Amino acid sequence: MSRFLSTTLALSIACAAAFAQNSNAQNPFSADTKQSYTGIKNTLLKAADKMPEENYSFRTTQQVRTYGEMVGHVADIQMMLCGLVKGEQAKPVSAGKTSKADLTAALKQSFDYCDAVYDSMTDAGGATKVNMFGRQVTKLGVLSFNIAHDNEMYGTMVAYLRIKGIVPPSSEGRP
């Protein structure tokens, strides 16, 4: 019986791996886009969590956003861009929020909203064009722009974390 279970388990693992590869092979562009999104998503959530509550009101100069405003900005832009891809006009989620708990909840809400968009995207669907900022862009182009914007904002957040003596998530040691 244990030989049967071992064989069944090995066969199941091989089938699951083959299915995953086939899924990526059918939609390589959307699969790669989702992988990039997932990476910056995890990093931004960690960065939002690492900054202490008292530093959410910190700004490097008067002309720039506070750390908390950056977290809210990421959440709102993600809602807008993923809404654009979904054909919806998503509402901002950070309006009036200033506490770390409220802003990180808004950020998580925006990721939950975008997760469904990235999860359901196919290469064929991603080739469909939508109007973004007055020009026609593919849906995958909009999602790639979202990833680029997330990375840009994370880069700014890194400076704030470093100024406060906090090691950013992307510089932490690997387990």
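Take the conditions of a type in the set (A, V, I, L, M) and surrounded by fewer than 21 Cβ atoms within 10 Å (Cβ to Cβ) and apply them to Leu84. Does it pass?
Working: of a type in the set (A, V, I, L, M): yes; surrounded by fewer than 21 Cβ atoms within 10 Å (Cβ to Cβ): no.
The answer is no for Leu84.
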Among (1) within 16 Å of the chain's Cα centre (by Cα); (2) more than 23 Å from Ser57 (Cα to Cα) - the single one Tyr154 does not satisfy: (2)
Any idea how many residues of the stretch 1-53 are assigned to a helix (DSSP H, G or I) and either modelled with pLDDT of 95 or more or under 14 Å from Ser144 (Cα atoms) (or both)? 24
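Listed here are the residues, each with its yes/no results for (1) of a type in the set (Lys, Arg); (2) touching a His at 6+ places or on another chain (Cβ under 6 Å); (3) within 15 Å of His73 (Cβ to Cβ).
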| position | (1), (2), (3) |
| --- | --- |
| Asn131 | no, no, no |
| Met157 | no, no, yes |
| Gly165 | no, no, no |
| Arg174 | yes, no, no |
Looking only at the stretch 95-148, how many residues end up being basic (Lys, Arg), in contact (Cβ under 8 Å) with a residue 40 or more places away in the chain and in contact with a Lys or Arg (Cβ under 8 Å, 6 or more places away or on another chain)? 1
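The values are calculated or read from the model by the stated rules, or taken from the named source; none is laboratory data. Just so you know, these numbers come straight off a predicted model, no measurement behind them. Glycine also receives a Cβ, built like all others from the backbone with ideal geometry; neighbour counts cover every protein chain displayed.
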